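Some notes on the structure that comes next.
Rule-based calculations on the coordinates, nothing more; no lab input. Here the structure is a predicted model, which means the values were calculated and not measured. Neighbour counts run over all protein chains shown; Cβ positions are idealised from the backbone, glycine included.
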Amino acid sequence: LAADQGHAHAQYSLGYFCECGKGMKHDLGEAVHLYRAAAAQRNMWALARLGVFLEKGRGMAQSEAEAAKRYAAASEFDGAKFYDEGVRHYSEIGKRRAPASFTIQIAVGLLALATRLGHAGTVEK
């Protein structure tokens, strides 16, 4: 697998599948492992997911300070990408095999990150 060969986006994608149990066993521990590997290579999606995991205490100890570090690293990227992905997740509620609550959590996390990054589509004027 590309993830085994250190490909950051493949590690993020496989982590996402582990997180939501798509095509494999639901395993937050493995998702965290894969997200950390991808984040070490500056994958913005993995940095964002680790931020959410740390903020919420999902699959790892809760730490707002560590979450803030991941969000700060992710803030080097364009908030519009997080906004677009959040909207995509939200629009797919009911169409995916993942539980609706999981999809909502992902969408809210991505939209919250876009807001933290100051994306105009999520910030009230």
Legend entry - Charge dipole (the stretch 8-81, unit charges on Cβ, about Cα centre) - positive-most of 13, 37, 48: 13
Legend entry - Loop-located GluC sites (Glu not before Pro) in the stretch 1-78, at most 13 other Cβ atoms within 10 Å (DSSP): 76
Legend entry - Linear extension gain, residue 4 paired with residue 76, 0.36 nm per residue minus alpha-carbon span: 23.3 nm
Inset, instruction - May I ask for the percentage of alpha-carbon pairs in the stretch 2-76 that lie more than 20 Å from each other? - result: 23
Inset, instruction - For the stretch 33-44, just list the computed ³J(HN,Hα) in residue order, Karplus coefficients 6.51, -1.76 and 1.60, θ = phi - 60°, integers in Hz, with x standing in for Gly and Pro. - result: 4, 5, 4, 4, 4, 5, 5, 4, 9, 6, 6, 5
